[in-house]
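Okay, so here's the structure we're looking at.
The values are calculated or read from the model by the stated rules, or taken from the named source; none is laboratory data. Model, not experiment: these values are computed from the prediction. Here the Cβ positions follow ideal geometry from the backbone for every residue, glycine too, while neighbour counts run over all protein chains shown.
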Amino acid sequence: MGLSFSLSADTAQEQGLDLEPPVRMEEEMEGRDLFGYVGIEAVLDQMRRKTMKAGFEFNIMVVGQSGLGKSTLVNTLFKSKVSRKSCTPNYEEKISKTVHLQSVSHIIEEKGVKMKLTVIDTPGFGDQINNENCWEPIVKYVNEQYEKYLKEELNVNRKRRIPDTRVHCCVYFLPATGHWLRPIDVEFMRRLGKIVSIVPVIAKADTLTLEERLEFKQRIRQDLQANGIRVYPQKEYDEDAEDRILNDKIRENIPFAVVGTDKEHQVNGNKVLGRKTKWGIIEVENVAHCEFALLRDLLIRSHLQDLKDVTHNIHYETYRVKRLNESNANGLALSPLTLENGTLEKSDAESHL
């Protein structure tokens, strides 16, 4: 039979014993190098292979009145014919009496990475004499995608990978008037900024001089701040100092003054995307000419995953909590989705969206 005993610090001091306090293993190992290569970094390669094999989804919505070059800009962004107009045979430009959302999906592959790109267009937005409440179908569409995702999550036998149709980014096109935000712009961004990440752009910016463009951008930033409009990237979502420095530079350039085209021209022996005028060629990817490259970097090269994370962790999470609180108040089952104007959600079969 073994005996165990312990000495208090005072007793040990009386007996002249030198007992050091016990050291936790975590503290002992802290700051110590590993004895050899373990291979922890290989998890990055595993994640990369898994992502490349499965691919990922990105859903982008373009909003603005007809004639602002939405389709052209989307094609320019992804250097493909991905817009609704490009994919619709015998397409004719018609002014819709109401806002009907239409989506087109493509599989884009680059260097082994597959992306399912869905472009959601909003024909009819802002084209009428009376544009009152023209944002409601868009609010409804965004909420319906959250609702679909939530119902899939709550299924007992849910899919291993839930299809993601949620809108990850909304690019809002402002006409290059050179004055200020119109009431419809203010109201749309104020309402939609609460449920989706909005990136405002000045369309066809080559119609403004550099001085007019600078003044217009400053007025828009003032209007955004005065009306409490939240556009991406929001300061409260910056995770650390490095993110804040990068995002501050982006916020200084919002809204991006952009020019879109799918035509190439020869400039100094090189092929460039650009618009040819009698004064010269406006190079789309030249930051000295327009800010298209800054928009592309934000949407694709630096913040695409962050846009998806903000959608899931902020906007969808806010919606999920709200809906589950409603269901707890009404009973166990989810109640029908109620929109801001009090109307009930149509079933998927009835809805034309």
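A few points about this structure:
- Qualifying positions in the stretch 113-129 - buried (at least 16 other Cβ atoms within 10 Å of the Cβ) and under 16 Å from the mean Cα position of the chain (by Cα): Met115, Leu117, Thr118, Val119, Ile120, Asp121
- Every residue from the stretch 259-272 that is touching an Asp or Glu at 6+ places or on another chain (Cβ under 6 Å) and aliphatic (A, V, I, L, M): Val259, Val272
- Matching entry among Glu264, Glu242, Glu317, Glu326 (being touching a Gly at 6+ places or on another chain (Cβ under 9 Å), surrounded by fewer than 20 Cβ atoms within 10 Å (Cβ to Cβ) and more than 30 Å from Glu215 (Cβ to Cβ)): Glu264
- If the condition is being free of Cβ contacts under 8 Å to residues at least 24 places away in the same chain and at positive phi, then the stretch 103-131 contributes only Lys111.
- Considering residues of the stretch 74-99 that are touching a Ser or Thr at 6+ places or on another chain (Cβ under 8 Å) and modelled with pLDDT under 85 only, the residue farthest from Glu136 (Cα to Cα): Ser86
- Some residue of the stretch 282-300 being among the aliphatic types (A, V, I, L, M), touching a His at 6+ places or on another chain (Cβ under 6 Å), surrounded by 11 or more Cβ atoms within 10 Å (Cβ to Cβ) and without any contact (Cβ under 8 Å) to a residue 40 or more places away in the chain: no
- Looking only at residues in the stretch 50-68 that are outside any loop (DSSP other than H, G, I, E, B) and modelled with pLDDT of 85 or more, the one that is nearest to Val99 (Cα to Cα) is Val63.
- Any chance Tyr149 is within 17 Å of Asn313 (Cα to Cα), in contact with a helix residue (DSSP H, G or I) (Cβ under 9 Å, 6 or more places away or on another chain) and either among the aromatic types (Phe, Trp, Tyr) or free of Cβ contacts under 8 Å to residues at least 40 places away in the same chain (or both): yes
- Failed condition for Asp185, given (1) surrounded by fewer than 18 Cβ atoms within 10 Å (Cβ to Cβ); (2) more than 16 Å from the chain's Cα centre (by Cα): (1)
- Counting only residues that are in contact (Cβ under 8 Å) with a residue 24 or more places away in the chain and in a helix (DSSP H, G or I), the stretch 154-184 holds 2 of them.
- Scan the stretch 190-215 for residues that are among the aliphatic types (A, V, I, L, M), within 18 Å of Asp121 (Cβ to Cβ) and under 15 Å from the mean Cα position of the chain (by Cα) and the total you get is 5.
- In the stretch 39-66, the residues that are in contact (Cβ under 8 Å) with a residue 40 or more places away in the chain and under 20 Å from Asp306 (Cα atoms) reach residues that are among the charged types (D, E, K, R) and loosely packed, with under 10 Cβ neighbours inside 10 Å with C-beta atoms within less than 8 angstrom, at least six apart or across chains, in these pairs: Ala54/Arg161.
Condition check ((1) within 27 Å of Val139 (Cα to Cα); (2) of a type in the set (Asp, Glu)) across all residues:
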{"site": "Asp185", "(1), (2)": "yes, yes"}
{"site": "Val196", "(1), (2)": "yes, no"}
{"site": "Val201", "(1), (2)": "yes, no"}
{"site": "Leu208", "(1), (2)": "no, no"}
{"site": "Lys217", "(1), (2)": "yes, no"}
{"site": "Arg221", "(1), (2)": "yes, no"}
{"site": "Arg230", "(1), (2)": "yes, no"}
{"site": "Glu242", "(1), (2)": "no, yes"}
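- Residue satisfying condition, being more than 19 Å from the chain's Cα centre (by Cα) and closer than 26 Å to Leu304 by Cβ, within set Asp262, Asp243, Asp248: Asp262
- Taken over the stretch 161-202, the criterion of being within 18 Å of Val99 (Cβ to Cβ) and of a type in the set (A, V, I, L, M) is satisfied by Val167, Val171, Leu174, Ile184, Val186, Met189, Leu192, Ile195, Val196, Ile198.
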